[in-house]
Amino acid sequence: MLLRAGDMAVLLAGAGGVVTLTLFAWGGDRGDTAVIRAAGQVIETTALTRAQTFSVNGPLGTTQIEIQPGRARIARDPSPRQLCVKQGWLTQSGQAALCLPNQVSLEIRGHRAAYDTLGY
Amino acid sequence: MTRSVIELPVSADDRRIARLAALAIGLTLAEAAIPSPLPGVKPGLANIVILLVLLQHGWRAAAWVSALRVVAGGLLFGSLFTPGFWLSAAGALVSLAVLALARHLPSRHFGPVSLSVLAAFGHIGGQLALASWWLLPSAALLKLLPVFAAAALIFGAVNGIIVARVLAAPAPDRRQSAPCIRP
């Protein structure tokens, strides 16, 4: 007999260990708070619990930020290259979408900060 | 002038260990030809020999074969006393320590596959412990842990199944090498 009962247990425990390690090492930290800044000033800090939208005014026009449970994104922005819009939904702690021409930023935070500080 | 002759008595045990160690070294060399995307991820074919020795001739013989494999492998690769050699030695050491404990598991339930998987985890664990403590203290080895662990699980299971099959196969005449005719 190639595989005995204990062997199966060892293999299962090993597979469980690998999965745990994978989640631990690659899982990342899901964010639970969105921080919205305009011209460097925090204008809104909100939990990622319910769907809501914010409109923030900058030098170019209005940036629209959409928040849904567990994720947030820049929905519309007047900046010419649309980089922050193309970033799509942000979920992980430490992620940020910056609309530089309009001086608006959206940052996701978790229980513990991924970085001490971010300089833009 | 007196001729002094130093004669080292060679027991049958020594010959057997030397033969098995040669087998393990051969597998180590053959394995080095297999390309690997990540240093450290390799099948560990020599562990098949170590495990067979452990199950047939006991832990002491397995430790000898393992030590000879590491040192002779280092000589053949030209990596003796380099970091790679010490990583290999650390892996072999932890793996042997794990096997020393694991061989006392009840063999009714735990066969070669268990021993092989545990030894593989010991191997990579020993190497990573030394690497993270000595070579790459601040590097992101953590991010690679799942890859190493998955490789250890898969290769450990495959090697264990090979060992189980070799043990289960009937030995035709217990001969392990070509007959040696003495002049």
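Filtering A:A15, A:A34, A:A75 for residues that are within 9 Å of chain B (Cβ to nearest Cβ) and surrounded by 13 or more Cβ atoms within 10 Å (Cβ to Cβ) leaves a single hit, A:A15.
For A:L98, indicate whether it is farther than 30 Å from B:A152 by Cα, more than 14 Å from chain B (Cβ to nearest Cβ) and surrounded by fewer than 17 Cβ atoms within 10 Å (Cβ to Cβ). No; evaluated as a whole, the condition is false for this residue. Screening the candidates B:L75, B:L80 for the property of being surrounded by fewer than 17 Cβ atoms within 10 Å (Cβ to Cβ) and in a helix (DSSP H, G or I) yields one hit, B:L75. The set of residues in the range A:64-80 that are part of a strand (DSSP E or B) and either within 19 Å of A:G110 (Cα to Cα) or in contact with a His (Cβ under 6 Å, 6 or more places away or on another chain) (or both) comprises A:I65, A:E66, A:I67, A:Q68, A:R71, A:A72, A:R73, A:I74. Scanning the range B:4-63 for residues being among the aliphatic types (A, V, I, L, M), without any contact (Cβ under 8 Å) to a residue 24 or more places away in the chain and farther than 25 Å from B:S79 by Cβ gives a total of 5.
Only a single item in (1) more than 30 Å from B:G156 (Cβ to Cβ); (2) surrounded by fewer than 15 Cβ atoms within 10 Å (Cβ to Cβ) is not met by A:S93, and it is number (2). For the range B:107-146: of the residues being β-branched (V, I, T) and facing chain A (nearest Cβ under 9 Å), which is nearest to B:L38 (Cα to Cα)? Checked the range B:107-146; the qualifying residue nearest to B:L38 (Cα to Cα) is B:V117. State yes or no: is A:L60 surrounded by fewer than 19 Cβ atoms within 10 Å (Cβ to Cβ), away from chain B (no Cβ under 14 Å), more than 30 Å from B:A152 (Cβ to Cβ) and not basic (K, R)? So A:L60 fits the description; yes.
Return only the number of the condition from (1) at pLDDT 90 or above; (2) loosely packed, with under 14 Cβ neighbours inside 10 Å that A:L23 does not satisfy. Going through (1) at pLDDT 90 or above; (2) loosely packed, with under 14 Cβ neighbours inside 10 Å one by one, A:L23 breaks only (1). Restricting attention to the range A:34-63, the residues that are under 17 Å from A:I108 (Cβ atoms) and not hydrophobic (A, V, I, L, M, F, W, C) add up to 9.
The residues in the range A:47-63 that are part of a loop (DSSP other than H, G, I, E, B) and of a type in the set (V, I, T) can be counted, and the count is 1.
On inspection, A:A15 does not qualify as under 15 Å from A:A97 (Cβ atoms) and either touching a helix residue (DSSP H, G or I) at 6+ places or on another chain (Cβ under 8 Å) or part of a strand (DSSP E or B) (or both).
The values are calculated or read from the model by the stated rules, or taken from the named source; none is laboratory data. Keep in mind it's a predicted model, so treat the numbers as computed, not measured. Positions of Cβ are backbone-derived with ideal geometry, glycine not excepted, and every protein chain shown enters the neighbour counts.
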